[in-house]
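Presented below is the structure to which this report refers.
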Amino acid sequence: MAGMKIPPEHPRAKSLLIRERLVEYYNQGVVAASGLIAHGRGETFDYLLGETTTKPALKSMESAVAMLLTAEKPVISVNGNTAALVAQDIVRLARVVGAGIEVNLFYRSLNRELAIKKLLEKAGAAEVLGVGENASARIPELNSERRRVDPRGILIADVVLVPLEDGDRTEALIKMKKKVIAIDLNPLSRTAQAATITVVDNIVRATPKIVEIARKLEKQNREKLDKIVMNFDNQRNLASSIMLMKSNLSTIGEKGLYPAREGGGNGF
Ligand code: PTJ
């Protein structure tokens with residue numbers, strides 16, 4: 001229940017606080033009801049990852065940053081969950097890589113668009129694209145409300161960052177010859193599989209880390225950044241994340257989920 005006190009010593013306090021934040025923003029009209037369900041699905045995969053940022057995730061983040069820094073017109077697409085959980089880091093990232101910020105919702109309503117815009121502006125965004133009449137362009141071959149985009153933003157972007165997504169739009173953007181960077185805890189999702197670069201990590205951990213990497217890489221020359229992008233293989237990286245989950249599951253099978261309580265520890 002939103003507003004309930006989470007005891008800080010609760011072993012799942014961090015995770016419960018994130019849930020509480022989502023419920024709060026659901027009540028404020030930022031998060032869609034389905035956003036709460038989507039978060040639960042994400043949590044399952046996060047459990048299998050060990051709720052930590054893995055080496056393959058770090059590699060994909062570096063490549064994502066290099067791609068954003070070398071893009072001509074990068075745009076960060078923001079939905080309800082992203083705005084509720086990481087609005088400030090999205091604004092920071094947009095600033096470092098010179099990206100536009102656009103609201104793009106699966107469950108679009110003017111009230112939600114405005115609530116998300118307000119949240120992003122409160123976090124420091126100077127301009128928020130894709131709100132109301134500004135979402136006047138259409139992504140071809142896409143039937144969901146996500147097809148509505150800003151002609152100054154996603155429509156003309158060469159690189160689109162889509163934290164937390166459903167698969168159809170990623171596929172449609174790729175068909176439009178755009179590069180798509182996804183952040184998705186589920187390495188098996190259509191988004192994860194179709195994206196150019198997939199960061200398999202929780203947006204709560206990934207977004208600040210991506211900002212940190214961007215601040216380091218922004219001073220690098222174009223040649224070095226291009227090389228980072230070229231040397232990245234998304235299918236291989238996704239396979240590494242899946243193998244990590246598989247190996248974590250085997251460890252759990254052998255040692256149990258909470259060996260920490262008996263003096264062991266597997267990071268869960
Ligand atoms: O705000 P809207 O209207 O655009 O709606 C947003 C949702 C999330 C409801 C919509 O995009 C949706 O239905 O998404 P899906 O198809 O449920 O996909 C969400 C994906 O995000 C799933 O693969 C989840 O595993 C993943 N996910 C959930 N929470 C996180 C996450 N990935 C990274 N970090 C998270 N915190």
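Coordinate-derived values only; no laboratory data. All figures in this text were calculated on a predicted structure; none of them were measured in a lab. Using ideal geometry, Cβ is built from the backbone for each residue, glycine included, and neighbour counts are taken over all protein chains shown.
According to the Kirkwood relation over distinct C-alpha pairs, the hydrodynamic radius of the chain is 19.0 Å. Largest GNM mean-square fluctuation across Asp166, Asp233, Asp184, computed for the chain with C-alpha springs under 10 Å, falls on Asp233. Relative contact order of segment 1-57, taken over Cα pairs closer than 8 Å and 6 or more residues apart, is 23 percent. For segment 54-191, the relative contact order works out to 24 percent when only alpha carbon pairs closer than 8 Å and six or more residues apart are counted. Which of Ala33, Ala66, Ala84 moves the most in a Gaussian network model of the chain with Cα springs under 10 Å? Top of the fluctuation ranking is Ala33.
Rounded to the nearest Hz, the phi-derived 3J(HN,Hα) couplings of segment 8-25 under the Karplus curve 6.51 cos²θ - 1.76 cosθ + 1.60 (θ = phi - 60°) are x, 7, 4, x, 10, 3, 4, 5, 5, 5, 5, 4, 4, 4, 5, 5, 4, 6, where x marks glycine and proline. For the residues Asp158, Asp150, Asp226, a GNM of the chain with alpha-carbon springs under 10 Å puts the largest fluctuation on Asp226. Remark: spin-label model distance Lys224-Tyr107 equals 4.5 nm, labels positioned 7 Å along the Cα→Cβ axis.
Of Lys118/Lys246; Lys122/Lys219; Lys177/Lys224; Lys178/Lys224, which sit over 31 Å apart, Cα to Cα? Walk me through the numbers before you get to the answer.
Details: Lys118/Lys246 41 Å; Lys122/Lys219 28 Å; Lys177/Lys224 23 Å; Lys178/Lys224 22 Å.
Listed pairs above 31 Å: Lys118/Lys246.
The phi torsions of segment 218-234, fed into the Karplus equation with coefficients 6.51, -1.76 and 1.60 and a -60° offset, translate into couplings of 4, 8, 6, 7, 4, 4, 5, 5, 4, 5, 4, 5, 5, 7, 8, 10, 5 Hz, rounded to whole numbers, with Gly and Pro shown as x.
For Leu129, nonlocal amide neighbours, meaning residues 5 or more places apart or on other chains whose placed amide H falls under 5 Å from its own, are Ile101, Glu102, Val103. Count Lys and Arg as plus one, Asp and Glu as minus one, and take only other residues whose Cβ is under 10 Å from that of Ser189; the net charge is then -1. Diffusion coefficient (Stokes-Einstein, Kirkwood radius over C-alpha pairs, 37 °C, 0.692 mPa s) for segment 109-268: 179 µm²/s, rounded to a whole number.
Working note: 222 nm ellipticity from helices only, DSSP H runs with n ≥ 4, each -39,500 (n - 2.57), summed and divided by the residues of the chain, gives -16500 deg cm²/dmol to the nearest 500. Kirkwood analysis of the Cα pair distances in segment 125-171 returns a hydrodynamic radius of 11.3 Å. Normalised Debye scattering of segment 9-71 at q = 0.19, 0.29 Å⁻¹ gives log10 I(q)/I(0) of -0.89, -1.09, counting only Cα atoms as equal scatterers and leaving out solvent. Based on C-alpha pairs under 8 angstrom that are at least 6 apart in sequence, the chain has a relative contact order of 22 percent. Restricting segment 99-200 to GluC sites (Glu not before Pro) that sit in a DSSP loop and have at most 16 other Cβ atoms within 10 Å of their own Cβ leaves Glu127, Glu141. When Rg and the Kirkwood Rh are both derived from Cα coordinates, the Rg/Rh ratio for segment 35-142 amounts to 0.99.
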